[in-house]
Amino acid sequence: MFITPALWLAAGALGVAGVSLGVDPVRSLVHENGTMALRMLVATLAITPLRQLTGHSDLLRLRRMLGLFAFFYALLHLSSWVVFDQGMDLQMILSEVVKRPYLLVGLSAVLLMLPLALTSTTAAQRWLKRRWTQLHRLTYVIAVLAVWHFWWQVKKDLREPIAYAVIVAVLLGWRVWKRPRAAKARSAPATTQGTA
Amino acid sequence: MAHKSASIILPSEITSEALFHDRRAVLAMGLAGAALGAATPLTALADIPAERYKAARNARLSVTETANTFEEISGYNNFYEFGTDKSDPAANSRNFKPLPWNVTVDGECEVKGKFALEDLLAPQTLEERVYRMRCVEAWSMVIPWVGFPFAELLKRHKPTSKAKYVAFTTLNDPKQMPGQRERVLDWPYVEGLRMDEAMNPLTLLAVGVYGKALPNQCGAPLRLVVPWKYGFKGIKSIVRISFVEQQPRTSWSHAAPNEYGFYANVNPAVDHPRWSQATERRIGGSLLARRQATLPFNGYADQVADLYKGMDLRRNF
């Protein structure tokens, strides 16, 4: 289900199955992959509130997959920009990243996703224990960077980035709002559950 | 109006708006009657014959690069009056009515008034010009416009010595232009040129592309084309041309003065704050096509660089 957009974009890029990426395929590839990465990030962040609201703890299993899809699309987003938009001109890419803060913000988000993807296995989770939860709170920072990157590159029409900013703010705000209760609960003897 | 051969249409000859609507009512009644007897073509009054757009190419002022396809030119547009996505203008302009169309010419000139588009076009010889089009977003196309030099229109309206700039205004009609229901920009869209820029032979008023009338999404029925400037200077669906003394408050330079200037000359040496202007992506290339170098004044430096002699183009971007 989550792979469908990637398959569609790949078909468009290769010109197979009658799929077209429109008049400007480079722009389509970069933008669609970027949008998908952002959507997957938002979905990842939505799992904890959803679990708390519904009590379905099996939702947690979905979270790893969503997070990895976010990373997958972020990599496609970055690499389609590097390969198709910039033509792999490393000198130009470097000077662009240094000169344009929004590129630096986006690149930081992708780089921060790397350790999370690498430690996404159950083995890593067991090995890092409480540290794993702390490490994976980087997702909050990544989501903020991703929205910021989107916001900053829009020419004038900010409606879409604003929508994502509001959603991310609500999802992060939920955690802040829930926190005092969790802290209170922790002082009570019976609870041990960590949330990320 | 019996002055078909006269080059200037006097304001007194111009049908007032009230009368104009009236004449349509009269026409409709006439047609209702005609339907019973002999059929009359419905579009007789506001139509511009299709043959007018099949203009001869001005080879001297055309580039020899391969033009983009009609599908590319009409499917990838920045025309915020119809939405901010590149595909919005084509999708949302289907019900736009480009004809009948009136253009008000006013300000510091002798021949003012409200002119029907067909009357403005009547004395003009249309020509095809294949121009490069460089968008401020660092992509480009090659477009075979059909139009006439703005200088030819300017002459007929006799601007006075007070006229230092020309201001252009787009139609403001949120009913027909759904993008105007959102305040993405301060509507109506306004653009402007200095008088010498406006009189440069390259400055074109376009009414067609590829030998046909402009599609709605390309700025029908009348738009400006200034090939050495970024695309946003090419104001679309023009309803007003004013000769003015002060530099007009143009839409993008007003919306984001640090990013878009009044001059907006294509300049690979002056970056947009958020992206480089050194290179551009030519629309229609393969996925692996390399970006190409952007040329000073979009390759038209020979014809226009003199206009800016002694000016700091870094400051006047």
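The values are calculated or read from the model by the stated rules, or taken from the named source; none is laboratory data. All values reported here derive from a predicted model rather than from experimental measurement. As a convention, Cβ positions derive from the backbone with ideal geometry for all residues, glycine included, and neighbour counts pool all protein chains shown. Accessible surface is based on the protein model in full, side chains and every heavy atom, while ligands, DNA and RNA are left aside. Shrake-Rupley method; radii C 1.70, N 1.55, O 1.52, S 1.80 Å.
Which residue pairs have Cβ atoms under 9 Å apart, sit 6 or more places apart or on different chains, and have a first residue in the stretch B:208-229 that is on the phi < 0 side of the Ramachandran plot and free of Cβ contacts under 8 Å to residues at least 24 places away in the same chain and a second that is among the basic types (Lys, Arg) and open to solvent by 10 Å² or more (accessible area, probe 1.4 Å)?
Close Cβ pairs satisfying both conditions: B:Arg223/B:Lys236.
Looking only at residues in the stretch B:199-218 that are over 12 Å from the mean Cα position of the chain (by Cα) and not in a loop (DSSP other than H, G, I, E, B), which one is nearest to B:Leu120 (Cα to Cα)?
B:Ala213
Confirm whether A:Thr139 is modelled with pLDDT under 95, away from chain B (no Cβ under 14 Å) and part of a helix (DSSP H, G or I).
Taking the combined requirement at face value, the residue does not satisfy it.
Take the stretch B:63-77 and flag every residue that is more than 9 Å from chain A (Cβ to nearest Cβ) and over 14 Å from B:Ser140 (Cα atoms).
Within the stretch B:63-77, B:Thr64, B:Phe70 qualify.
Criterion first (closer than 18 Å to A:Val30 by Cβ, within 14 Å of chain B (Cβ to nearest Cβ), in contact with a His (Cβ under 8 Å, 6 or more places away or on another chain) and hydrophobic (A, V, I, L, M, F, W, C)) does A:Val83 satisfy it?
Considered against the rule, which asks whether it is closer than 18 Å to A:Val30 by Cβ, within 14 Å of chain B (Cβ to nearest Cβ), in contact with a His (Cβ under 8 Å, 6 or more places away or on another chain) and hydrophobic (A, V, I, L, M, F, W, C), A:Val83 comes out as no.
Could we say that B:Arg132 is of a type in the set (Lys, Arg) and within 21 Å of B:Gln217 (Cβ to Cβ) here?
yes
Please find, within the stretch B:78-97, the residue that is farthest from the other protein chains (Cβ to nearest Cβ) out of those that are open to solvent by 30 Å² or more (accessible area, probe 1.4 Å) and out of contact with any Gly (no Cβ under 9 Å at 6 or more places or on another chain).
Taking the candidates together, the pick is B:Lys97.
Take B:Glu71 and tell me if it is under 20 Å from B:Ala220 (Cα atoms), open to solvent by 50 Å² or more (accessible area, probe 1.4 Å), at pLDDT 95 or above and in a helix (DSSP H, G or I).
yes
I need a count of the residues in the stretch B:251-277 that are open to solvent by less than 40 Å² (accessible area, probe 1.4 Å) and more than 8 Å from chain A (Cβ to nearest Cβ).
Number of matching residues: 16.
Across the stretch B:278-315, which residue is surrounded by the most Cβ atoms within 10 Å (Cβ to Cβ) among those that are within 14 Å of chain A (Cβ to nearest Cβ) and not in a loop (DSSP other than H, G, I, E, B)?
Restricting to residues being within 14 Å of chain A (Cβ to nearest Cβ) and not in a loop (DSSP other than H, G, I, E, B), the top hit is B:Glu280.
Being more than 14 Å from every other protein chain (Cβ to nearest Cβ), open to solvent by less than 50 Å² (accessible area, probe 1.4 Å) and among the basic types (Lys, Arg) is the filter here, so list the residues in the stretch A:142-184 that pass it.
A:Arg175
Quickly run through the stretch B:137-166 and pick out the residues that are among the aromatic types (Phe, Trp, Tyr), within 23 Å of B:Pro248 (Cα to Cα) and open to solvent by less than 20 Å² (accessible area, probe 1.4 Å).
B:Phe150 - this is the single residue of the stretch B:137-166 that is among the aromatic types (Phe, Trp, Tyr), within 23 Å of B:Pro248 (Cα to Cα) and open to solvent by less than 20 Å² (accessible area, probe 1.4 Å).
Please tell me if B:Arg249 is more than 20 Å from the chain's Cα centre (by Cα) and of a type in the set (Lys, Arg).
no
Could you figure out which of (1) at pLDDT 95 or above; (2) more than 18 Å from A:Trp151 (Cβ to Cβ); (3) not small (Gly, Ala, Ser) isn't true of A:Met36?
Single failed check for A:Met36: (2).
Just checking, how many residues over the stretch A:1-29 are within 14 Å of chain B (Cβ to nearest Cβ) and of a type outside the set (Val, Ile, Thr)?
Qualifying residue count for the region: 15.
Can you find a residue in the stretch A:30-37 that is closer than 19 Å to B:Tyr76 by Cβ, within 14 Å of chain B (Cβ to nearest Cβ) and exposed (fewer than 13 other Cβ atoms within 10 Å of the Cβ)?
Within the stretch A:30-37 (the criterion being closer than 19 Å to B:Tyr76 by Cβ, within 14 Å of chain B (Cβ to nearest Cβ) and exposed (fewer than 13 other Cβ atoms within 10 Å of the Cβ)), the answer is no, since none of the residues qualifies.
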